[in-house]
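The values are calculated or read from the model by the stated rules, or taken from the named source; none is laboratory data. Note that the structure is a prediction, hence the values are computed from the model and not measured. Heads up, the Cβs are rebuilt from the backbone with ideal geometry, glycines too, and the neighbour counts pull from every protein chain shown.
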Amino acid sequence: MSESVTREIVLPLEREEAWRVVTEPDHLREWLADDVEIDLIEGGLIDVGWDGGGRRLGTVETVEELERLVFRWHPEEPGPDHIETTVEIGLDDDADGTRVTVVETGFEALRPTSLAGCTAVSTWIWDVRLGACGELPLMLAR
């Protein structure tokens with residue numbers, strides 16, 4: 001069974017606007033990371049970095065406009081828990097706007113002693129990042 005982290009948030013935005021929030025580098029820099037480059041085509045590259053250190057590199061696997069974005073990524077610097085995970089960002093209609101669901105999978109490749117810690121960290125990170133994503137509509141309205 002695949003270990004995964006699933007988090008979601010409802011953005012008070014139409015689906016087209018929510019799609020831009022989760023796919024355009026200028027918006028991704030507001031909530032996902034300090035530096036984001038993404039080639040939004042299947043096989044395109046994704047490069048995500050944080051000012052405090054750390055960078056993740058990957059490949060876009062699936063782009064279903066207004067529906068779903070899937071990419072694989074891994075830390076730039078190898079470490080003891082250097083794994084590649086898959087992130088799926090899905091959009092669904094919601095009475096209050098658009099539901100954004102993030103599912104990160106691939107943690108089963110970790111050593112059993114690292115699994116719980118890494119999934120807990122990933123859960124916390126996605127909570128923080130999606131919290132920032134939820135603030136973005138307020139920024140867009142300014």
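Identify all residues within region 1-42 that are of a type in the set (Gly, Ala, Ser) and either crowded, with 16+ Cβ neighbours inside 10 Å or touching a Leu at 6+ places or on another chain (Cβ under 8 Å) (or both); write none if there are none.
Answer for region 1-42, where residues must be of a type in the set (Gly, Ala, Ser) and either crowded, with 16+ Cβ neighbours inside 10 Å or touching a Leu at 6+ places or on another chain (Cβ under 8 Å) (or both): SER4, ALA18, ALA33.
If you take the residues in region 10-43 that are in contact (Cβ under 8 Å) with a residue 40 or more places away in the chain and among the acidic types (Asp, Glu), which one is farthest from ASP92 (Cα to Cα)? Write out each step before concluding.
In the first step, residues of region 10-43 are kept if they are in contact (Cβ under 8 Å) with a residue 40 or more places away in the chain; the result is 10-19, 21-23, 27, 30-32.
Still in the running and among the acidic types (Asp, Glu): 14, 16-17, 30.
On the way: GLU14: 10, GLU16: 11, GLU17: 13, GLU30: 22 Å.
Among those that are in contact (Cβ under 8 Å) with a residue 40 or more places away in the chain and among the acidic types (Asp, Glu), it is GLU30.
Would region 127-138 turn up any residue that is part of a strand (DSSP E or B), out of contact with any Phe, Trp or Tyr (no Cβ under 8 Å at 6 or more places or on another chain) and modelled with pLDDT of 80 or more? Before the answer, list the steps.
Of region 127-138, the ones part of a strand (DSSP E or B) are none.
Looking for residues that are part of a strand (DSSP E or B), out of contact with any Phe, Trp or Tyr (no Cβ under 8 Å at 6 or more places or on another chain) and modelled with pLDDT of 80 or more, one finds none in region 127-138, hence no.
Being touching a residue at least 40 places away in the same chain (Cβ under 8 Å) and under 18 Å from VAL36 (Cβ atoms), is that true of even one residue in region 70-77? Don't jump to the end; show me each part of the working.
Quick first cut of region 70-77, residues touching a residue at least 40 places away in the same chain (Cβ under 8 Å) only: none.
Among the residues of region 70-77, not one is touching a residue at least 40 places away in the same chain (Cβ under 8 Å) and under 18 Å from VAL36 (Cβ atoms), which makes the answer no.
Find the strands (runs of 3 or more DSSP E) located wholly in region 1-113 whose residues include 3 or more that are β-branched (Val, Ile, Thr) and under 15 Å from the mean Cα position of the chain (by Cα), and list them.
Working: elements: 4-11, 35-38, 45-49, 55-64, 68-75, 85-94, 97-105.
Ranges flagged: 4-11, 55-64, 85-94, 97-105.
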